[in-house]
């Protein structure tokens with residue numbers, strides 16, 4: 001084993017995703033992930049608490065991107081438009097990783113505990129978005145409604161994006177989905 005190579009966390013993530021796709025999440029061990037990535041198990045645990053966390057390592061970054069987008073949204077802005085900005089910012093981050101997103105979604109979709117973890121991740125993101133809106137003076141109930149609506153729009157757009165015949169442009173899908181939501185809310 002090579003003594004040191006850069007991007008251990010990235011190599012561990014790629015190795016885990018490959019193994020999960022080949023063998024299944026439950027059948028893959030941390031030792032196998034570490035070996036495929038060319039690191040020790042001890043190195044694995046420096047980056048991740050368990051093998052689930054490899055699939056969710058980007059969540060804190062996406063929360064930070066969403067919060068920063070809301071904080072930088074121009075004044076005045078209605079809550080749903082601020083959330084649109086936040087979800088578009090997340091879409092920009094994810095845009096270059098479509099195949100990775102497809103593989104990850106396949107692994108998560110095949111495992112109920114991972115699906116539950118994904119729902120928790122989305123709830124935490126909605127909470128962060130809601131808090132950022134409240135920090136801008138949006139009342140709690142309006143902030144929560146806008147945030148949850150934004151997460152729903154993101155989920156619908158993401159599913160369309162990773163579909164085999166999906167549109168390549170995730171930010172465009174997000175914008176289109178928000179337009180659809182507004183049309184549904186307006187009753188047209």
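The values are calculated or read from the model by the stated rules, or taken from the named source; none is laboratory data. Note that this is a predicted model, so its numbers are computed, not measured. Note that each Cβ is placed from the backbone with ideal geometry, even for glycine, and that neighbours are counted across all protein chains shown.
Out of curiosity, is residue 27 over 18 Å from the mean Cα position of the chain (by Cα) and more than 25 Å from residue 119 (Cα to Cα)? Even if it seems obvious, please write down each step before you answer.
Details: over 18 Å from the mean Cα position of the chain (by Cα): yes; more than 25 Å from residue 119 (Cα to Cα): no.
No, not satisfied.
Filter segment 100-117 down to the residues that are without any contact (Cβ under 8 Å) to a residue 60 or more places away in the chain and in contact with a helix residue (DSSP H, G or I) (Cβ under 9 Å, 6 or more places away or on another chain), then identify the one that is nearest to residue 162 (Cα to Cα). Let's see the steps before the verdict.
First, pick out the residues of segment 100-117 that are without any contact (Cβ under 8 Å) to a residue 60 or more places away in the chain: 105, 108-109, 112, 115-116.
Those left that are additionally in contact with a helix residue (DSSP H, G or I) (Cβ under 9 Å, 6 or more places away or on another chain): 105, 108-109, 115.
Details: 105: 8, 108: 13, 109: 13, 115: 16 Å.
Going through the qualifying residues, I end up with 105.
Is one or more of the residues making up segment 77-98 in contact with a helix residue (DSSP H, G or I) (Cβ under 6 Å, 6 or more places away or on another chain), farther than 23 Å from residue 160 by Cα and either in the same structural domain as residue 141 (by TED's automatic domain parsing) or surrounded by fewer than 17 Cβ atoms within 10 Å (Cβ to Cβ) (or both)?
Within segment 77-98 (the criterion being in contact with a helix residue (DSSP H, G or I) (Cβ under 6 Å, 6 or more places away or on another chain), farther than 23 Å from residue 160 by Cα and either in the same structural domain as residue 141 (by TED's automatic domain parsing) or surrounded by fewer than 17 Cβ atoms within 10 Å (Cβ to Cβ) (or both)), the answer is yes, since at least one residue qualifies.
Conditions: (1) surrounded by 13 or more Cβ atoms within 10 Å (Cβ to Cβ); (2) under 23 Å from the mean Cα position of the chain (by Cα); (3) in a helix (DSSP H, G or I). Residue 36 meets all but one. Number of the miss?
It is condition (2) that residue 36 fails.
Kindly indicate whether residue 16 is modelled with pLDDT of 95 or more, closer than 20 Å to residue 106 by Cα and either in contact with a strand residue (DSSP E or B) (Cβ under 7 Å, 6 or more places away or on another chain) or crowded, with 20+ Cβ neighbours inside 10 Å (or both).
Yes: the conditions hold for residue 16.
If you go through segment 48-66 one residue at a time, do you hit one that is within 22 Å of residue 20 (Cα to Cα), in contact with a helix residue (DSSP H, G or I) (Cβ under 9 Å, 6 or more places away or on another chain), in the same structural domain as residue 30 (by TED's automatic domain parsing) and surrounded by fewer than 13 Cβ atoms within 10 Å (Cβ to Cβ)?
Yes, because at least one residue in segment 48-66 is within 22 Å of residue 20 (Cα to Cα), in contact with a helix residue (DSSP H, G or I) (Cβ under 9 Å, 6 or more places away or on another chain), in the same structural domain as residue 30 (by TED's automatic domain parsing) and surrounded by fewer than 13 Cβ atoms within 10 Å (Cβ to Cβ).
Could you run through segment 19-47 and say how many residues are in contact (Cβ under 8 Å) with a residue 60 or more places away in the chain and out of contact with any helix residue (DSSP H, G or I) (no Cβ under 7 Å at 6 or more places or on another chain)?
Qualifying residue count for the region: 2.
Listed here are the residues, each with its yes/no results for (1) closer than 14 Å to residue 85 by Cβ; (2) touching a residue at least 24 places away in the same chain (Cβ under 8 Å); (3) within 15 Å of the chain's Cα centre (by Cα).
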residue: 125; (1), (2), (3): no, yes, yes
residue: 140; (1), (2), (3): no, no, no
residue: 156; (1), (2), (3): no, no, yes
residue: 165; (1), (2), (3): no, no, no
residue: 176; (1), (2), (3): no, no, no
residue: 182; (1), (2), (3): no, yes, no
